[in-house]
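Only one structure is covered here, and it is reproduced in the block below.
Please treat every number below as a calculation from the coordinates, not as lab data. This structure is a prediction, so every number in the text was calculated from the model and none was measured. Cβ coordinates were reconstructed from backbone atoms using ideal geometry, including for glycine residues, and neighbour counts include every protein chain displayed.
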Amino acid sequence: MPNLLDIKARINSIKNTQKITKAMKMVAAAKVKRSQNKVMAARPFSKALAEAFAKVLSSVEGFSSAGLKIERAIDNYPVLMQKREQKTAGILVITSNRGLAGAYNANVIRYALKNIEDYKAKGIAVKLFIVGLKGTSVLKRRAQSAGFEIVKTYTKISQEPNSSNALVIAEDMAAAFVNGDIDSIEIVTTRFKNMMSYKVEDWKILPADDIKKALGDEDEQPSAGIDPLMAFEPNADNILQKIVPMFITNIIYQALLEAVASELAARMTAMSAATNNAEEMIRILSIDYNKARQAAITNEILEVVSGADALKK
């Protein structure tokens, strides 16, 4: 027979856990709404910038660094726009710093590892740039066995990323590209769909021969229209030197925003499920407790009756 004290202690423990999961669900629900608003507000700009970049790129016949002042790797657009033989792929993997978000981080990591396997099958090496403690922890353990290199990790980006965060990552990846350490840049992130779902995607950034792959989802693809009468002031090289860093940084920023919103939505869903499961466990344990209590009362009554019968004899 179950011990009444043990069952009661377990019920109290689950109730305390339920309070925590309910609070986490409420916090995530409040934050995910703000993150959703940021994502929706940023998408039109990202699409417009990609369209402008595609048009400028299509209107320029060649790239020249003559007369350009290049202080950062991300300003070196003539090298960044080069399409060369892909020997090493550079992948930015965006995960979260915290867990308790269901299978969110596992899904992103699994997708990234599949991409790595695909590259290895083609004889292409992979170098990773990782955002988030969860991805850093898991992928560091897998690096040697899976055969990839981790170049840099970013574990101090908060749940409210800004353009400065994106610029730091963009400069690091651009420097690796300019130095010849990597021959392509892409992002493994999640696209926020709604409060209940997200989609893990692979966003291609460089080489920039297919801008349509840079935004992931088909619904957000830039148009491919080209204006043959487009004129540049002061010249196309200066325009490209401004728009290329802006384009790369903005895509990374958009990816960070999408990832944060997706993570919060996943956490809200996970905590909601955990709260409901706790409620069900409490219900079942309460039934067990009442059964055990009733059995104990019945035994006590039988003992009293048996004792009274013994005295009569």
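Quick one: Cα centre-to-centre distance for the stretch 1-45 and the stretch 149-186, in angstrom?
The two parts, judged by their Cα centres, are 32 Å apart.
Suppose a student asked you for the relative contact order of the chain, using Cα pairs under 8 Å spaced at least 6 residues apart; what percent would you report?
Relative contact order here is 31 percent.
Taking a cut-off of 19 Å between Cα atoms, list the lysines near LYS242, but don't count ones fewer than 8 places away on the same chain.
Straight-line reach from LYS242, under 19 Å: LYS47, LYS55, LYS69.
List the residues, sorted by chain then number, that are 5 or more residues from THR190 or on another chain and whose placed amide H is less than 5 Å from its amide H.
Here the answer is GLU201, ALA259, since their amide H atoms fall under 5 Å of that of THR190.
Could you put SER13, SER163 in order, starting from the residue whose Cβ has the fewest other Cβ atoms within 10 Å?
Neighbour counts put them in this order, fewest first: SER13, SER163.
Among the trypsin sites (Lys or Arg not before Pro) in the stretch 1-78, which ones are in a DSSP loop with at most 12 other Cβ atoms within 10 Å of the Cβ? Mind listing them?
Here the sparse-neighbourhood loop sites are LYS69.
Could you state the angle between the C-alpha long axis of helix 236-312 and the longest principal axis of the C-alpha atoms of the chain, as a value from 0 to 90 degrees rounded to the nearest 10?
Result, in degrees: 10.
Only one of the values (1) 0.97; (2) 1.45; (3) 1.05 was calculated from this structure for Cα Rg over 2.2 N^0.38 Å; name its label.
Matching the structure shown: (2).
How large is the dipole of the stretch 24-270 about the Cα centre if only Lys and Arg carry +1 and Asp and Glu carry -1, each at its Cβ, rounded to the nearest 20 debye?
1300 debye
Could you put ARG141, ARG98, ARG43, ARG191 in order, starting from the residue whose Cβ has the fewest other Cβ atoms within 10 Å?
Exposure proxy ranking, most exposed first: ARG141, ARG98, ARG43, ARG191.
Which of THR189, THR21 comes first, and how do the rest follow, when ranked by fewest Cβ neighbours within 10 Å?
So the ranking, lowest neighbour count to highest, is THR21, THR189.
Put +1 on the Cβ of each Lys and Arg and -1 on the Cβ of each Asp and Glu in the chain; which of SER197, ILE94, ALA273 then has its Cα farthest toward the positive end of the dipole?
Selected residue: ALA273.
Could you please report the charge total around THR275, scoring K, R as +1 and D, E as -1 over all other residues with beta-carbon less than 14 angstrom from its beta-carbon?
Here the charged neighbours net out to +4.
How large is the helix-only mean residue ellipticity at 222 nm for the chain, computed as the sum of -39500 (n - 2.57) over DSSP H runs with n ≥ 4, divided by its residue count, in deg cm²/dmol to the nearest 500?
So the helix-based figure for the chain works out to -21500 deg cm²/dmol.
Which ³J(HN,Hα) values in Hz, rounded to whole numbers, follow from the phi angles of the stretch 124-130 under the Karplus curve 6.51 cos²θ - 1.76 cosθ + 1.60, where θ = phi - 60° and Gly and Pro get x?
9, 6, 10, 10, 10, 10, 10
Placing +1 on the Cβ of each Lys and Arg and -1 on the Cβ of each Asp and Glu in the stretch 24-270, which of ILE70, GLN82, VAL260 has its Cα farthest towards the positive end of the resulting dipole?
VAL260
From the square roots a ≥ b ≥ c of the eigenvalues of the alpha-carbon gyration tensor of the stretch 14-120, which class results: rounded (a/c under 1.5), prolate (a/b over b/c), or oblate?
Prolate is the answer for the stretch 14-120, as a/c is 1.5 or above and a/b outweighs b/c.
If one takes the longest principal axis of the Cα atoms in the chain, at what angle in degrees, from 0 to 90 and to the nearest 10, does the Cα axis of helix 163-178 lie?
60 degrees
If you place +1 on the Cβ of every Lys and Arg and -1 on the Cβ of every Asp and Glu, how big does the dipole about the Cα centre of the stretch 1-136 come out, in debye to the nearest 20?
800 debye
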